[in-house]
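Peer 1: One structure coming up, written as structure tokens, with questions to follow.
The values are calculated or read from the model by the stated rules, or taken from the named source; none is laboratory data. Keep in mind the model is a prediction, meaning the values are calculated, not measured. Virtual Cβ from ideal backbone geometry, glycine too; neighbours counted across all protein chains shown. Remember, those area values only see protein heavy atoms, side chains included, never the ligands or the DNA or RNA. Shrake-Rupley method; radii C 1.70, N 1.55, O 1.52, S 1.80 Å.
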Amino acid sequence: MDVRPDDILIMKKNHPCGSKEMYVLRSGMDFRLRCVKCGREFMVPRNKIEKSIKSIKREGEG
């Protein structure tokens with residue numbers, strides 16, 4: 001799956017604050033994500049996050 005920094009991931013499940021959108025700060029073996037609504041940052045292993053992604057929004061694309 002092609003996930004790059006500055007992408008916004010739409011997740012299948014909500015974050016505890018209620019948002020489904022996560023901003024990608026770093027990608028690699030681990031992802032560093034920031035919740036769009038509450039601003040909390042966290043690290044998640046790639047294999048765990050790839051299962052949870054519903055769709056990806058990019059700035060340059062419609």
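Peer 1: If amide hydrogens are placed 1.01 Å from N in the peptide plane, which non-local residues have theirs closer than 5 Å to the one on ARG40?
Peer 2: For ARG40, the qualifying residues are CYS35.
Peer 1: Give, as a single signed number, the net charge of other residues whose beta carbon lies under 11 Å from the beta carbon of GLU21, with Lys and Arg counted +1 and Asp and Glu -1.
Peer 2: On the way: positive: LYS20, ARG34, LYS37, LYS54, LYS57; negative: ASP7.
Once positives and negatives cancel, what remains is +4.
Peer 1: Once you have the Kirkwood Rh of region 11-57 from its Cα pairs, apply Stokes-Einstein at 37 °C and 0.692 mPa s and quote D in µm²/s.
Peer 2: D = 306 µm²/s.
Peer 1: How charged is the neighbourhood of GLU41? Take every other residue with its Cβ under 11 Å from the Cβ of GLU41, and add Lys/Arg as +1 and Asp/Glu as -1.
Peer 2: Around GLU41, the surrounding residues sum to +4.
Peer 1: How large is ³J(HN,Hα) for each residue in region 21-30, as worked out from phi by the Karplus curve 6.51 cos²θ - 1.76 cosθ + 1.60 (θ = phi - 60°), to whole Hz, x for Gly and Pro?
Peer 2: Values, residue by residue: 9, 10, 8, 8, 8, 8, 10, x, 5, 10 Hz.
Peer 1: Let me ask something else about it. Given Cβ point charges of +1 (Lys, Arg) and -1 (Asp, Glu) and nothing else, what value in debye, to the nearest 20, does the dipole of the chain about its Cα centre take?
Peer 2: Around 320 debye, computed over the chain.
Peer 1: Return the carbon/sulfur percentage of the accessible area of the chain, one whole number, probe 1.4 Å, all protein chains in place.
Peer 2: 49 percent
Peer 1: Using θ = phi - 60° and the Karplus curve 6.51 cos²θ - 1.76 cosθ + 1.60, what whole-Hz ³J(HN,Hα) does each residue of region 45-50 get, with Gly and Pro shown as x?
Peer 2: Along region 45-50, the couplings run x, 4, 5, 6, 6, 4 Hz.
Peer 1: Oh, and also: Run the numbers on the chain and let me know its relative contact order in percent, using alpha-carbon pairs under 8 Å that are six or more apart.
Peer 2: 35 percent
Peer 1: While we're looking at this one, here's another question. Pick from MET43, MET29, MET11 the residue whose mean-square fluctuation is largest in a GNM of the chain, springs joining Cα atoms under 10 Å.
Peer 2: Evaluated over the chain, the most mobile residue of the options is MET29.
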